[in-house]
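Presented below is the structure to which this report refers.
The values are calculated or read from the model by the stated rules, or taken from the named source; none is laboratory data. As the structure is a prediction and not an experimental result, all values here were calculated from the model. Quick reminder, even Gly has a Cβ in these numbers, built from the backbone with ideal geometry, and neighbours come from all protein chains shown. Please note that ligands, DNA and RNA were not included when accessible areas were found on the heavy atoms of the full protein model with its side chains. Shrake-Rupley method; radii C 1.70, N 1.55, O 1.52, S 1.80 Å.
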Amino acid sequence: MTDTQDYFAKRAALIQEDMSLRRENALLQSLTANELAADKVLRQIRAEEEASVWGVEHNEFPNLFPGMAFLTSKSVIDKTRVFKIISKMPKGALLHAHLNATVDTKFLWDLALSEPSFHVRTPHVVTASNAATTQPEFRAFKETQLSQSASISDPSYPAGSWVPLHQAREAFSLGGPEGFDAWVLGWMSISPAEAYGTHNTVTKIWQKFMATFRVTAGLFIYRPIFRKYLRRFLLESIEDGISYMEPRIHFIHKYMFDADGNQIVPHREWLLDFQDAISEVKTTLKEQGREDEFIGAKIIYTTARVISPEEMTWYLEDCIALKQEFPHLIAGFDIVGDENVARPLMDYLVPLLAFKQRVKDLGLDLPLILHAGETLSDGGKADNNLYDAVLLGTKRIGHGFSIVKHPKLMQLCRENKIALEVCPISNEVLRLTSSMPMHPLPIVLNHGVPVTLNSDDPSVFGAMGLSYDFFQVLVSSETTGLITLGQLARDSIEFSTLESMEKRRALSLWEKRWHRFVGEVASGGLTA
């Protein structure tokens, strides 16, 4: 062997050893001919489009590159052949998404406009100079409570008073109904100008991010809308190749509003509606001969990290009670919110430890599935949440963005099979990274940490389903190919809270769809 040959042999061995922990490596020797061919086809198309799409000058989009800022590049992504292929891929499970931000904002707004009982109010008169900073609030009232106040844009509007929605919309002085709709929808989402301009820091973008939830809250917790929203969420997810979901539902409101505008609907009724939606969708799919495309869904019970430890105890007990009544619907418990400014997990240590003991004593399968490390912090309270999440026995870690700073934690996640719920587009839009090539995901994958890809709050980002997140991951790494994406989808089922028998069935059905998909890619059926 020559010196050159010896060098190349050592080089290949070093690269192989360096990549040896990646989870897809366990399957490399058993890949089918179609899997190998499909991976090659997709890599070739990705390379071609890197030159033909991302490597050319666009007057509208300066400085294009694969994995760039999503809100700017979405219209370009939509036209690519790679995205067309990814959109057809069976993606397994969606394990990290906040239900109240999973359905297209236009659909939610249309539902609100179809309900005559909705009212709107603002803290002051809406004008052209303050519309961008004046946040609307919505609520349904019984007919006997209907107000006759002036429009919210009328100089005589009594600040903070409720105005019938249709009246306010029709009389809106900043463009009439169309202007009103644009103003409201702007408050429900994050625009490129906000993410990459006016709010281009973690602190500022989180302020707009949280505002979107405050605006939609009054619509989401109105039961007639909630029921339709649930069905839409399930159907849209299924259309994007997602066969199982574990959405987080924010139970901070102890009651939902009923059809008459009374805030009297308890949490157990929310679960009954969720159960009904699952049954309805399964029936619909069965009638279409598509029953194998949907396994089901469960709920991760969540509350906010702004409440006191004493208040947290109430929500933990409520979660236990719901799990006892609906063991098939409650997947786990989580605490959500901006980790950089809200309470750390340590503040809730006593009630969380008591919860774990109660769950054990009752013989319940009710794990913690905790947000942690969604931060740029290094050693701050948000970053240190990762230590507490692991010590508290979290089943998965929501985000875990900062875990790459902690080699021991990555080792523990690998050894103890704690999966990260990575949300690529969310991390970028919320300014944890400027683009996907800068995202730490490849570090996590190369350390053998289990990962699932998730959309987090797709309606806020305009990234419905999971296809966009899978796309951004694929085009941002030469190492990542179709085989990696398949492993990420497979792991989403493997690290779900499905029972063993359900999980085996879900994996079996996914494998069938996967092999059909790679066959179509390999044969060129999805690449035209």
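Results, tabulated for the structure shown:
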{"read-out": "L364-F107 pseudo-label distance in nm [points 7 Å out on the Cα-to-Cβ vector]", "value": "3.1"}
{"read-out": "Cβ-Cβ FRET estimate between M19 and T203, R0 fixed at 35 Å, reported to 0.05", "value": "0.40"}
{"read-out": "Accessible area of the chain belonging to carbon and sulfur atoms, whole % at 1.4 Å probe", "value": "54"}
{"read-out": "Rule-of-thumb Rg ratio for segment 412-456 [Cα; 2.2 N^0.38 Å; N residues]", "value": "1.17"}
{"read-out": "Reciprocal of mean inverse Cα separation for segment 205-296 (Kirkwood radius, Å)", "value": "14.5"}
{"read-out": "Table column - 3J(HN,Hα) (Hz), segment 77-87, Karplus curve with 6.51, -1.76, 1.60, x for Gly and Pro", "value": "4, 4, 8, 7, 5, 4, 5, 4, 5, 4, 5"}
{"read-out": "Of every Cα-Cα pair in the chain, the percent that sits beyond 44 Å", "value": "16"}
{"read-out": "Relative contact order (%) - the chain, alpha-carbon pairs under 8 angstrom, separation at least six", "value": "21"}
{"read-out": "The chain: angle of helix 267-287 to the longest principal axis, Cα-based, in degrees nearest 10", "value": "60"}
{"read-out": "Cross-link partners of K381 among lysines (Cα-Cα below 17 Å; sequence separation of 8 or more within a chain)", "value": "K405"}
{"read-out": "Whichever aspartates and glutamates have a C-alpha closer than 15 Å to that of K356, once near sequence neighbours (fewer than 8 apart) are set aside", "value": "E317, D318, D334, D365, D388"}
{"read-out": "All-pairs Cα distance distribution in segment 159-246, expressed in whole percent, bin size 10 Å", "value": "14, 29, 38, 18, 2"}
{"read-out": "Over 32 Å between alpha carbons, listed pairs K106/K204; K298/K417; K298/K360; K208/K512; K208/K228; K395/K512", "value": "K208/K512"}
{"read-out": "Estimated [θ] at 222 nm from DSSP helical runs (n ≥ 4, -39500 (n - 2.57)) normalised by residues in the chain, nearest 500", "value": "-14500 deg cm²/dmol"}
{"read-out": "Base-10 log of normalised Debye intensity for segment 275-365 (one unit scatterer per alpha-carbon) at q = 0.20, 0.24, 0.26 Å⁻¹", "value": "-0.93, -1.16, -1.28"}
{"read-out": "Computed lengthening from W314 to A12, 0.36 nm per intervening residue step minus Cα-Cα distance", "value": "103.0 nm"}
{"read-out": "Cα Rg over Rh - segment 7-130, Kirkwood", "value": "1.15"}
{"read-out": "Per residue value of the accessible surface for segment 191-341 (all protein chains in place, 1.4 Å probe), Å²", "value": "38"}
